[in-house]
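Heads up: the structure comes next, in C-alpha cells.
The values are calculated or read from the model by the stated rules, or taken from the named source; none is laboratory data. Fair warning: this is a prediction, and the values are worked out from it, not measured in the lab. Ideal geometry is used to build each Cβ from the backbone, glycine not excepted, and the neighbour counts take in all protein chains shown. Surface accessibility is based on the protein's heavy atoms, side chains included, excluding ligands, DNA and RNA. Shrake-Rupley method; radii C 1.70, N 1.55, O 1.52, S 1.80 Å.
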Amino acid sequence: TAKEAGHNRYQFYSEDMTARAIERLSLEHDLRGAVERGEMFLVYQPQIELGTSRVIGVEVLMRWRHPARGLISPVRFIPVAEDTGLILSIGEWGLRESCRQAQLWYERGLLNACISVNVSAVQFRQTDFVGIIENALQESGLAPTNLELELTESAVMQGAEPALNKLRELDALGVKVAIDDFGTGYSSLAYLRQFTVDRLKIDQSFVRDVPGNNDAEAIAAAIVAMGLNLGFRIIAEGVETEAQAEFLQSVLCKEGQGYLFAWPMTAIEFEAWIAGWQNRAGSTS
Ligand code: C2E
Ligand code: MG
Ligand code: MG
Ligand code: MG
C-alpha cells in the first residue's frame, strides 16, 4: 500500500542519514592522529606558462591513505577537518612538509618555481597565522618569494580588517597570495583590489565548457580581462584539452594547470616528470 511505501521510504531516508552520520563520526575519529600515523601525504601538480610550456609553479594537494577505506579525497576530509579544528594541525603539517620538499628540490636544481599551498579559511583566521608561515619558512630555509598561499574568496572577505592586515604582512614578507576557485564566491574584483593579492585562479567550472559554449566563453574572457586590468596574474584551473589551452591564450590568459599537462603526482613521480618535461621543453627551444 501507499502507506507502507511511505513508511518504507521514511525508514530508508532515516537509515541513510544515520549511516551518513556514523560515517562522518568515524571519519572524524580516524582523522585524529592520521598525520602522526603517516597516513597523510602530498601530491604535486605543475602550473604551466601556456606560451612557453615552462613550469612556473607547483600546487600541493593533500591525500589521505586510510588504512581500511583506502584513498580519501580532500573534498571529503577537509570539511571534516575544518569542522573539528583538526585542520589547524593537519594544515600546518602540510605547509611545513611543502616548504621542506620545495627547498629540497631547489637545492637539487629540480625546481625553479613557486610552490602553492592551499590554506583553509579556518587556518587563515588564526591570530598567529603569519607567525606559522614565518616558522615554516625559517625551518625549511625556503625563500618567502618561493611560497604562494591559495586562499578562497570567502577566506579573504570574512572579517575584512584582520584579513587585510594579514595579507599586508604576508606581502611585506614577500609571500604571494592567490585567490583559489575565483568566480565561484561573492567577491567583486573591484573589492579584491584593496587586498594585496598576486594571482587569481579561475575556477575550473569556467574552463570546462570553453571553447564552444558562448556563455562560458564570454564569462571566461571577461574574468581574464577584468583581472588583468586590475593588475592580477591569472591562471586557469582544470585545463584538460588543447582546445581549452588555445582558447585561454586567445583571451590572454597566460597560465594554466590541469590534466592536459600533468595529474597531481607524488614527490617521486614529480621528480621523474619534471626531468622529462624539461628535456622536452629544452629540446624544442
Ligand atoms: P583546489 O585547490 O581548487 O584544487 C584543484 C582540484 O582540481 C584538485 O582536486 C586537483 O586534483 C583537481 N584538478 C587538477 N587538474 C584538473 C583537471 O584538469 N580537471 C579536473 N576536473 N580537475 C583537476 P583535489 O586534489 O581533489 O582537491 C580538491 C580540493 O581540496 C582543492 O581544490 C582544495 O580546495 C582542497 N585541498 C586539497 N589539498 C588541500 C590542503 O592541503 N589544504 C586545504 N586547506 N585544502 C586542500
Ligand atoms: Mg588550490
Ligand atoms: Mg581551485
Ligand atoms: Mg576547489
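Okay, here's what the table says:
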{"quantity": "Number of the exception - I268 against (1) away from ligand 2 (no atom under 16 Å from the Cβ); (2) surrounded by 19 or more Cβ atoms within 10 Å (Cβ to Cβ); (3) not in a loop (DSSP other than H, G, I, E, B)", "calculated": "(2)"}
{"quantity": "Segment 75-119, residues that are open to solvent by less than 30 Å² (accessible area, probe 1.4 Å), under 29 Å from W277 (Cα atoms) and of a type in the set (G, A, S)", "calculated": "G94, S98, A102, A113, S116"}
{"quantity": "Lone qualifier among V55, V75, V35, V43 - being within 14 Å of V117 (Cα to Cα), among the hydrophobic types (A, V, I, L, M, F, W, C) and at pLDDT 95 or above", "calculated": "V43"}
{"quantity": "Residues that are in contact with a Ser or Thr (Cβ under 7 Å, 6 or more places away or on another chain) and either closer than 23 Å to R125 by Cβ or outside any strand (DSSP E or B) (or both), drawn from segment 43-77", "calculated": "E59, V60"}
{"quantity": "Scope segment 42-73; condition within 7 Å of ligand 1 (Cβ to nearest atom) and surrounded by fewer than 14 Cβ atoms within 10 Å (Cβ to Cβ); matching residues", "calculated": "S73"}
{"quantity": "Where a residue in segment 141-165 is more than 14 Å from V122 (Cβ to Cβ) and its partner, wherever it lies, is assigned to a helix (DSSP H, G or I), with Cβ under 6 Å and at least six apart", "calculated": "G141/Q103; L142/C99; L142/A102; L142/Q103; P144/L137; P144/L173"}
{"quantity": "Residue in segment 188-207 that is nearest to ligand 3 (Cβ to nearest atom), counting only those that are in a loop (DSSP other than H, G, I, E, B), out of contact with any Gly (no Cβ under 7 Å at 6 or more places or on another chain) and open to solvent by less than 20 Å² (accessible area, probe 1.4 Å)", "calculated": "V197"}
{"quantity": "Breaking point among (1) modelled with pLDDT under 95; (2) more than 27 Å from W64 (Cα to Cα); (3) of a type outside the set (V, I, T), for E242", "calculated": "(1)"}
{"quantity": "Residues satisfying the stated conditions in segment 208-248, i.e. surrounded by 15 or more Cβ atoms within 10 Å (Cβ to Cβ) and either farther than 23 Å from I56 by Cβ or of a type in the set (G, A, S) (or both)", "calculated": "D209, P211, A216, E217, I219, A220, A221, G227, A236, G238, A245"}
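Yes/no matrix, rows are residues, columns are (1) within 16 Å of ligand 4 (Cβ to nearest atom); (2) in contact (Cβ under 8 Å) with a residue 12 or more places away in the chain:
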{"site": "A190", "(1), (2)": "no, yes"}
{"site": "D209", "(1), (2)": "no, no"}
{"site": "L228", "(1), (2)": "no, yes"}
{"site": "G238", "(1), (2)": "yes, yes"}
{"site": "T241", "(1), (2)": "no, yes"}
{"site": "Y259", "(1), (2)": "yes, yes"}
{"site": "E271", "(1), (2)": "no, yes"}
{"site": "I274", "(1), (2)": "no, yes"}
